[in-house]
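One structure is given here, and the rest of the page talks about it.
The values are calculated or read from the model by the stated rules, or taken from the named source; none is laboratory data. Remember, it's a predicted structure, so these values are computed and weren't measured experimentally. Please note: Cβ atoms are built from the backbone with ideal geometry, for glycine as well, and neighbour counts cover all protein chains shown. In case anyone asks, the SASA skips ligands and DNA or RNA and just uses the protein heavy atoms, side chains included. Shrake-Rupley method; radii C 1.70, N 1.55, O 1.52, S 1.80 Å.
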There are 2 protein chains.
Amino acid sequence: MSPKITTELLKQLRQVMKNPRYVQEPVQAYIVPSGDAHQSEYIAPCDCRRAFISGFDGSAGTAIVTEQHAAMWTDGRYFLQAAHQMDSNWTLMKMGLKDTPTQEDWLVSVLPEGSKVGVDPFIIPADQWKRMSKALRSAGHDLVPVKENLIDTIWTDCPQRPCKPLIMLDLSYTGVSWRDKIVALRSKMAERKVMWFVVTALDEVAWLFNLRGSDVEYNPVFFAYAVIGMNTIRLFIDGDRMMDPAVREHLQLDSTLEPEFRIQVMPYGSILSELQAVGAGLSPKEKVWLSDKASYALTEAIPKAYRYLTPYTPICIAKAVKNAAETEGMRRAHIKDAVALCELFNWLEKEVPKGTVTEIVAADKAEEFRSQQKDFVELSFATISSTGPNGAIIHYKPVPETNRTLSVNEIYLLDSGAQYKDGTTDVTRTMHFGTPSAYEKECFTYVLKGHIAVSAAIFPNGTKGHLLDSFARSALWDCGLDYLHGTGHGVGSFLNVHEGPCGISYKTFADEPLEAGMIVSDEPGYYEDGSFGIRIENVVLVIPAETKYNFKNRGSLTFEPLTLVPIQTKMIDVNLLTEKECNWVNEYHQKCREVVGAELERQGRHEALQWLLRETEPLGRAQ
Amino acid sequence: MSPKITTELLKQLRQVMKNPRYVQEPVQAYIVPSGDAHQSEYIAPCDCRRAFISGFDGSAGTAIVTEQHAAMWTDGRYFLQAAHQMDSNWTLMKMGLKDTPTQEDWLVSVLPEGSKVGVDPFIIPADQWKRMSKALRSAGHDLVPVKENLIDTIWTDCPQRPCKPLIMLDLSYTGVSWRDKIVALRSKMAERKVMWFVVTALDEVAWLFNLRGSDVEYNPVFFAYAVIGMNTIRLFIDGDRMMDPAVREHLQLDSTLEPEFRIQVMPYGSILSELQAVGAGLSPKEKVWLSDKASYALTEAIPKAYRYLTPYTPICIAKAVKNAAETEGMRRAHIKDAVALCELFNWLEKEVPKGTVTEIVAADKAEEFRSQQKDFVELSFATISSTGPNGAIIHYKPVPETNRTLSVNEIYLLDSGAQYKDGTTDVTRTMHFGTPSAYEKECFTYVLKGHIAVSAAIFPNGTKGHLLDSFARSALWDCGLDYLHGTGHGVGSFLNVHEGPCGISYKTFADEPLEAGMIVSDEPGYYEDGSFGIRIENVVLVIPAETKYNFKNRGSLTFEPLTLVPIQTKMIDVNLLTEKECNWVNEYHQKCREVVGAELERQGRHEALQWLLRETEPLGRAQ
C-alpha cells in the first residue's frame, strides 16, 4: 500500500482557503471532519472528503490543514493504517496517547495571532463546533462557517450523491408500525414539553419509517431528514423513490389519514430553509428537540432559546431496545450467519494448506457463503480478512497491494458480518490452520478470558456498559498486556453495525445504562505490531439474570450470545482457564452444535456440519 | 435519635428570604450547600449551616428551601441517617436512584414562573453555580447571589470561626521545603502561561506551606487563602498565629529573602478585595489560575477572559503523589495504627462477652489506644463504631440515643483512623465476637473477594481509578448484591482523609490517572437495612508492578496495602475463595505478623501480640 501523494491537492486547498469566491475572509486553517451532514460513521463516496484530501480512508479521523501543516487525528485502531496511507505532508496525531495534543491545542500552538479556522457547518456537529469555537476564541482565534465545502471545490471527479430504491419492512420484521413509532415519539416529546423533533441521523429516519435503503455501503440507510411536529410529519428525501407505489402504500401517502399522520414529502435540500421557517415561527415556550450531535448548520436554524438538545434522541434510545420481533430476527440472522461461517472455515481448513487462499479470496468466499442465505442483503462492513502481521492493523481491509496468502504458519483473523432483512451480524474469529505457538495460544487465551468475563458478567439493572470494560482487560493486564480499542458497540437490527447509545468502552461515560433487549458486541483483542492480531467477537443480547439474592429489588442483567460460531479450541491453553471459564466454552459450543447444527442439517450442508461437530468437542482440562 | 424540629426555623428562613434588609428582591428558593468558603468536605461548627437548618449532619448534602417545600439531596451513604435526623418538613432526595430529580429539575417543577433562587456566593463552587444558573435561566428563573448568608441571620447562637495555633512540619516529614514547592508551582504556572494562582482549598494551603492547623475537627488545616504570583506570595490568615516566633521562622518572615520568596501576610477577610484588585490590574494575556470548584464569589473577582480554570489544581495533583519521606511516614503511621487496633480487638474479644461494651465505649477505647502512639495528633474522622442494624447506616456515628451494646450475636463494624504527624490512617474491620451465621460469612466473603480484586489488580500506567471500581463489585453482583457507595478515595499525608484527584468509584470519570506514589482506600462493603453492615477497608499505595510482558512499554501498576490489621478469618467462608485469593489473605496476614508483630514486641505489648499471632494463622482450604 503506497501513500497518496497529496502535495498538489494541499496546494490547491490552500489556494481556495484564500479565494474570496469561497471564503469571505481568508482562513488560516480548514477542518475536514470524517462525517457527512448526518454525522454518519460510514459515509457515501461523495462524502469521503477527508480520505480524498489525505489518502487515509479509515472510518474515524479528522484532518486539519493550515498554511504550513497538515495533521490527522485518529484512534488506536488506525495508527498503522493511517501511517501507511498518508504521505510525508501529513503528521499523524495518535489520539489516546498521553503526549498527543487535542485539535484545539494544536491549532493554538501553530496558528498566527487572530487566525480564522474554517469548517463546513453541515459537516461539523454542533457540540464539536461549540467546544472548538470556545477554545479558539479564548486563544484569540475564530471558528468560521464556510458555506461552500472547500474540498468539493477542488474535487473535480467527486461522485454523485446516491439515491437508490427503498426497502419496506413489514410488521413481522419491525414489530411496531411507523404510525405507532410516531405516536410513541410524540408522547416522549410531550413529556419533555417540546413541539418539534428533528431527525438528522440516517438510521433514525430509516428506523422511524420502517424503511431501509442502500445509499451508504454496508448501512441500509438512505439520505433523508424528518421533522416531526405534534400534528405534522415532514420527510425530506430526493429522487423518484416516492413514486414507487409500494413505498406510497407503506407510507400511506395516498390514503385519507388523520392529518397528524399525513406525511409531507419535501426535497432533501430544503431542510435548512424549512427548519429556519419553523424556527422563525415559534411562539415562546415552543421548543425544538435536536441531537447535540446534529450539524451546526441545522442547530443554528433554531434560535438558541428554543433549542432542546440531548446527547441521545428518543429514537436512538427506543431503537436500541429491540422488541420481540427484532430479537427473533436477530437470532435467525445469526444462525444463518453461523451456517455461512461453518462452510467458510471448513473450506479454509481444506484449502489453506494448498497455499492458494489469499485474504481477498477468503473474504470473497465468506461473502459468497453469506449470500446463499435467505434474506441476505449485503455485508454490514468491509470484511477484515487478515493474516500474520496484517492482523495487527486493527481495522485492516485487504487490498491487492497488501493481500497476503493464508498459511499454516500464521494466525488468521476474520472480522466480518452481513445485513439480512431480519438482522445485522458482526463476528470475529481468530484461527490457526497449522500449529499455533505456545505464546500465540497464551495471548489467545487471555483474550478469551476477557471475552468470557464480559459475556458471563452479571450486573445490576442501571449499570452503564463502560463499567464492564475492565472485565475484558483484566487477564491481559495481569501479564502486562492490553488492547487500544473499546470492548463493544451497540448493533442495529438490519441497521448500522455500530449504533448508540450503549457500548462497552473505557472511553465513554455518557453512555446510557444497559437494558434488557439491547444488543452489543463483546470483542476484546490483542495485537503485536508486525506480527499478529487476535480478536474474539460475539454479538450479545442483554437479558435478565437469575441471581441468588436481589439487592434493593433492582434485578440483574447478563448477556446471551447471539453469535453461534465455534471458538477454535486449538488456540486455547486450557491450563490458563478456570473451571468456570472452561464450562462456559463447553456450554457455548454445545449451543452452537444444537442450534447451528440443526440449521446445517436442514440446509443439507453435511460437510460443514461435520466440521461444526469436530470444532465443538468439549474441552478437557489437563489438571 | 429523634429528628430536629425545624418548623420554626424554616418559618424564620422564609421570612428573611423576603426581607429587603438581606435580599434586594425576595427569593422564592434558598440553597444551603454543605461546604464552607473553601469547598471543604469536613467543616467547622460555624459552617454547619445545612445541619443547623435541617438537623441532618452527614458530610454530604444540599438543602433547598422554597416557600412551600424543604428538600435535602444526599447520597447512598446517608439515606438512613438523613431520614432519621430530619422531621416531616423535609423531603429526602435520594441521589443515585433513578427517579430522584436533580436539584435543578426539582426547582423547575416546584417554582412559580420567573422565580429568584438565592445562594451564598462564597459557599457555592463556580462550576455548580454555572450549571445551576444555566438550568434555571433556561426555565425562566434566576440564580442570584445573596451576600449575607441567610442562615447566619437566623442562627442566633452560631459559634465563632476557629483560629487555633499552627504546627510546623520539617523536611523529615514533608520531604520538600515550602520554597521548593513554590518553585515547582511557578514552573507549572509558567508551563500554562498563567501569572497568578489562587489557593482556595484549605489542605492545599497547608500542604504548600508545610503547615498544619486544627481549625476543622479531624482535618489538620487552618482557615487561610493564598495568592501566588510569579514574584509574590500572599497569605490570607487571621489571628495572632503569625506572631508565633516558630511560625515566623518556618515561613522566614523576618529574613532577608529574595523578593519572590517573601510572604506578605494579610487578613483572611481581605481576599475578595485583594483578588478584585489583582483582577482589575491584569494586562492582556495575564491569566489567573483557579480551581473550577473555587467559590463563585472569588471566581467572579477575576474577569472571565482572564480566568484559567481546571478541575484539579497543580497543588492537588502534586500533593496526591507522595514522595519518599511522605510514603515512609505513612508506613510508620499505619504500623502504629495497627498496634492500637490489635490492642483494641484483643480487649474487645475479652470484654464484649461481659455485655458492658457499647459502641461509644469501643470508639473511645480505640482513641485511647491510638493516643498512646508516638506523634498522635487527633482522629482523622468521627469513628464509625456500629453493631447489628447500626452497621447498615453507612456513615453512622454512635450517639447516646442510638448507642448499642456489642454482643456475641451481632456483627461489629469499626471504621476509624487517626492523624499522626507522620501520616493519616483510615481502616475498617468487620468482626464477630461469637459465631457468625453462614449467610453473614457468605456476604463477608464476597466483600473480601472484592477487596482483594482491587488490591491485587494489575493495570497499565495511565489507568483511571474508576476503571477498577467494578472489580470490587463483581463477586457481589454475581449473587445479585451490591453497595451504594464508591470503592475508594484519595488519602492525604497528615492531611484530609478524603482528597482528590484520584479515587475508585463508578461515579467519577474526571479523576486523574493513578500514578505510583498515590494513596487511596480500598473499601467495598455490603449492607442490609435493619440488620447488619460489612466493610473491609485498607489504605493502599500505588506501586509499580512486575509483569511477564510490557505492552507498548507502558509499565504496570498495582497496590501495596499500607494498612496492616488482620482480617477476621472467622468471618471467611474459605470455600468461596479461589486459591489465589486464599494466598492473598495468607500473605497479607504473614506481613501483618512480621511488621506489626515486631512493633508490638518493641512496645512490649505481649498480649496484643498473642492476639495478632492467633488472628494471622494461615487459612486452610477445605477442598
Check: Take the residues of segment A:346-364 that are in contact with a Pro (Cβ under 8 Å, 6 or more places away or on another chain) and surrounded by 21 or more Cβ atoms within 10 Å (Cβ to Cβ): which is farthest from residue A:427 (Cα to Cα)?
Finding: A:359
Check: Residues B:133, B:187, B:172: which one is out of contact with any Gly (no Cβ under 6 Å at 6 or more places or on another chain), within 30 Å of residue B:29 (Cα to Cα), assigned to a helix (DSSP H, G or I) and hydroxyl-bearing (Ser, Thr, Tyr)?
Finding: B:133
Item checked: Counted residues, segment B:483-499 - those being open to solvent by less than 10 Å² (accessible area, probe 1.4 Å) and either in a loop (DSSP other than H, G, I, E, B) or not assigned by the TED database to the domain that holds residue B:529 (or both) -> 7
Next item on the list: Inspect segment A:240-262 for any residue being small (Gly, Ala, Ser), without any contact (Cβ under 8 Å) to a residue 12 or more places away in the chain and open to solvent by 30 Å² or more (accessible area, probe 1.4 Å) and give the result as yes or no.
Entry: yes
Notebook entry, point to check: If you take the residues of segment B:266-282 that are outside any helix (DSSP H, G or I) and within 25 Å of residue A:141 (Cα to Cα), which of them is nearest to the other protein chains (Cβ to nearest Cβ)?
Noted result: B:282
Next item on the list: Look through B:318, B:325, B:301, B:277 and report the one residue that is touching a helix residue (DSSP H, G or I) at 6+ places or on another chain (Cβ under 7 Å) and under 28 Å from residue B:46 (Cβ atoms).
Entry: B:301
Note to self: I want to confirm something. Restricting to segment B:126-143 and keeping residues that are more than 26 Å from residue B:312 (Cα to Cα) and touching a helix residue (DSSP H, G or I) at 6+ places or on another chain (Cβ under 9 Å), which single residue is most open to solvent (accessible area, probe 1.4 Å)?
What the structure shows: B:138
Next item on the list: Select from segment A:467-481 the residues that are under 27 Å from residue A:41 (Cβ atoms), touching a Lys or Arg at 6+ places or on another chain (Cβ under 9 Å) and open to solvent by 10 Å² or more (accessible area, probe 1.4 Å) and list them in ascending order.
Entry: A:467
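Residue by residue, here is whether (1) at pLDDT below 95; (2) assigned by the TED database to the domain that holds residue B:268 holds:
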| position | (1), (2) |
| --- | --- |
| B:118 | no, no |
| B:147 | yes, no |
| B:159 | no, no |
| B:172 | no, yes |
| B:182 | no, yes |
| B:206 | no, yes |
Margin query: I need a count of the residues in segment A:302-323 that are of a type in the set (Gly, Ala, Ser) and more than 17 Å from the chain's Cα centre (by Cα).
Written below: 2
Notebook entry, point to check: Pairs, please: C-beta under 7 Å, at least 6 apart or cross-chain, first residue farther than 13 Å from residue B:103 by Cβ and without any contact (Cβ under 8 Å) to a residue 60 or more places away in the chain and in segment B:118-146, second basic (Lys, Arg) and open to solvent by 20 Å² or more (accessible area, probe 1.4 Å)?
Noted result: B:142/B:116
Check: When segment A:449-459 is examined, which residues are found to be within 7 Å of chain B (Cβ to nearest Cβ) and surrounded by 23 or more Cβ atoms within 10 Å (Cβ to Cβ)?
Finding: A:459
Check: Right, residue B:152: over 27 Å from residue B:13 (Cβ atoms), of a type in the set (Asp, Glu), part of a helix (DSSP H, G or I) and open to solvent by 30 Å² or more (accessible area, probe 1.4 Å) or not?
Finding: no
Item checked: Number of the exception - residue A:251 against (1) touching a helix residue (DSSP H, G or I) at 6+ places or on another chain (Cβ under 6 Å); (2) within 20 Å of residue A:223 (Cα to Cα) -> (1)
Margin query: Please determine whether any residue of segment A:116-124 is open to solvent by 30 Å² or more (accessible area, probe 1.4 Å), within 14 Å of chain B (Cβ to nearest Cβ) and not in a helix (DSSP H, G or I).
Written below: no
Notebook entry, point to check: So which of A:194, A:221 ends up being farther than 22 Å from residue A:425 by Cα and not assigned by the TED database to the domain that holds residue A:379?
Noted result: A:194
Next item on the list: With respect to residue B:304, determine if the residue is surrounded by fewer than 18 Cβ atoms within 10 Å (Cβ to Cβ) and at positive phi.
Entry: no
Check: If you go through segment B:10-35 one residue at a time, how many are open to solvent by 60 Å² or more (accessible area, probe 1.4 Å), polar (S, T, N, Q) and in a loop (DSSP other than H, G, I, E, B)?
Finding: 1
Next item on the list: Residue by residue through segment B:93-115, note down the ones that are surrounded by 15 or more Cβ atoms within 10 Å (Cβ to Cβ) and β-branched (Val, Ile, Thr).
Entry: B:108, B:110
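Conditions (1) under 26 Å from residue A:422 (Cβ atoms); (2) out of contact with any strand residue (DSSP E or B) (no Cβ under 8 Å at 6 or more places or on another chain); (3) of a type in the set (D, E, K, R); (4) touching a residue at least 40 places away in the same chain (Cβ under 8 Å), marked per residue:
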{"site": "A:353", "(1), (2), (3), (4)": "no, yes, no, yes"}
{"site": "A:361", "(1), (2), (3), (4)": "no, yes, no, no"}
{"site": "A:366", "(1), (2), (3), (4)": "yes, no, no, yes"}
{"site": "A:379", "(1), (2), (3), (4)": "yes, no, no, yes"}
{"site": "A:385", "(1), (2), (3), (4)": "yes, no, no, no"}
{"site": "A:401", "(1), (2), (3), (4)": "no, yes, yes, yes"}
Next item on the list: Kindly list the number of the only condition in (1) in contact (Cβ under 8 Å) with a residue 60 or more places away in the chain; (2) more than 13 Å from every other protein chain (Cβ to nearest Cβ); (3) open to solvent by 10 Å² or more (accessible area, probe 1.4 Å) that fails for residue A:437.
Entry: (1)
Next item on the list: Of all residues in segment B:526-555, count the ones that are open to solvent by 20 Å² or more (accessible area, probe 1.4 Å) and under 30 Å from residue B:76 (Cα atoms).
Entry: 4
Check: Which condition breaks for residue B:195 when tested against (1) surrounded by fewer than 22 Cβ atoms within 10 Å (Cβ to Cβ); (2) not in a strand (DSSP E or B)?
Finding: (2)
